[in-house]
1. Between the range 328-347 and the range 291-314, what's the alpha-carbon centroid distance in Å?
2. Express the Stokes-Einstein translational diffusion coefficient of the range 64-145 in µm² s⁻¹, to the nearest whole number, given a Kirkwood radius over alpha-carbon pairs, 25 °C and a viscosity of 0.890 mPa s.
3. Return a whole-number percent for the relative contact order of the chain, with Cα pairs under 8 Å and 6 or more residues apart as the contact set.
4. Mind running the shape call on the range 128-274? Use the C-alpha gyration tensor, a ≥ b ≥ c as the square roots of the eigenvalues: rounded below 1.5 for a/c, prolate if a/b tops b/c, oblate otherwise.
5. Rounded to whole Å, give me the distance from the Cα center of the range 237-251 to that of the range 106-163.
6. If you work out mean projected area of the Cα convex hull in nm² from the coordinates, which of [x] 19.5; [y] 20.7; [z] 21.6 do you get?
7. Using mean Cβ contacts within 10 Å as the protection proxy, how do 347-357, 291-301 order, highest first?
8. Which of 63, 186 has the fewest other C-beta atoms within 10 Å, and how do the rest follow up to the most?
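What follows is calculated from the coordinates using simple rules that are stated; it is not laboratory data. Not measured: the values here are computed from a predicted model. Virtual Cβ from ideal backbone geometry, glycine too; neighbours counted across all protein chains shown.
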């Protein structure tokens, strides 16, 4: 094959055809498995059923107005996905990301089948790895780890043969617990360490080793699907690189404004795995002006997608290490600002919850609080009901992305 590639008489069209044949030959013989193809230049392409697959996804938890963190999507008798799936298919979505299996795995199976059979949409199934348990996580506790692992493997065992499953994602922002940002856990061993930075590193070692253990256990029972490490930004990736050898994909949350900066090159150098941007997006509320701004949301999301796309092999970049992205979120979530205060679940709050200077258009808001958790959807929800659920009203971002994804 090398000799043929060096023949000088091949015209440009022949070279392109030949390159495609080489690529396809590398994708044959995998028995329809989902896997990663690595180019000679080090780029990554996700292969699904023997075809290159660029993830064009949305996170999906369409919490109805008046409901909150305890909403169980898959047990919702109104089955909102049968309405949303139509809008998603029109948008060009090819997968949705769900963060957990809910209370009933059989209900999740029904959801996965409905999305795949009716709309051709795959499901990325995640697991919080105990992050939001009532007592919080403790990855240093053997009994806690064993129970979380058991629950994950139960889901995998029951769903691994479903055609609509795309991949498994372990965790989400759990690496933040190593620094105590969103939860706190420790052990006697950890507390005997004097240096705070060393404590963080030891917790990271424990956590990422646990993720790798689960990934290996999944692969022992599911030979088809990929396993991803869910990580908040690039924090502690140096530890993940040493302890998460068995994961296939890095599913990373990144909110860096209009572009991702050095994200892809940094990951290439420090954690050379295919990158799925498992959350990206912008809210549609201008905290500085105190008014909704769909135009700026659309502008940011389109720019983010274009930057992401440039780092995929689909753009012609044979060094591209990105396999696609998942927009956060499908619908607005009215419960996010005051998560524990039920009356506020009936109101779409205009108060921002946190600050991010990369979203510079409204960073001058009071106390620099400019990120509005309740306005990240690319689809609005109305208190009016249609087809038994809150009426869906696509925002400008929906149509802007549709123009790109449907090309």
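1. 24 Å
2. It comes out at roughly 171 µm²/s.
3. 18 percent
4. Oblate shape, in that a/c is at least 1.5 and b/c is the bigger or equal ratio.
5. 20 Å
6. After the calculation, the listed value that fits is [z].
7. Final packing ranking: 291-301, 347-357.
8. 186, 63
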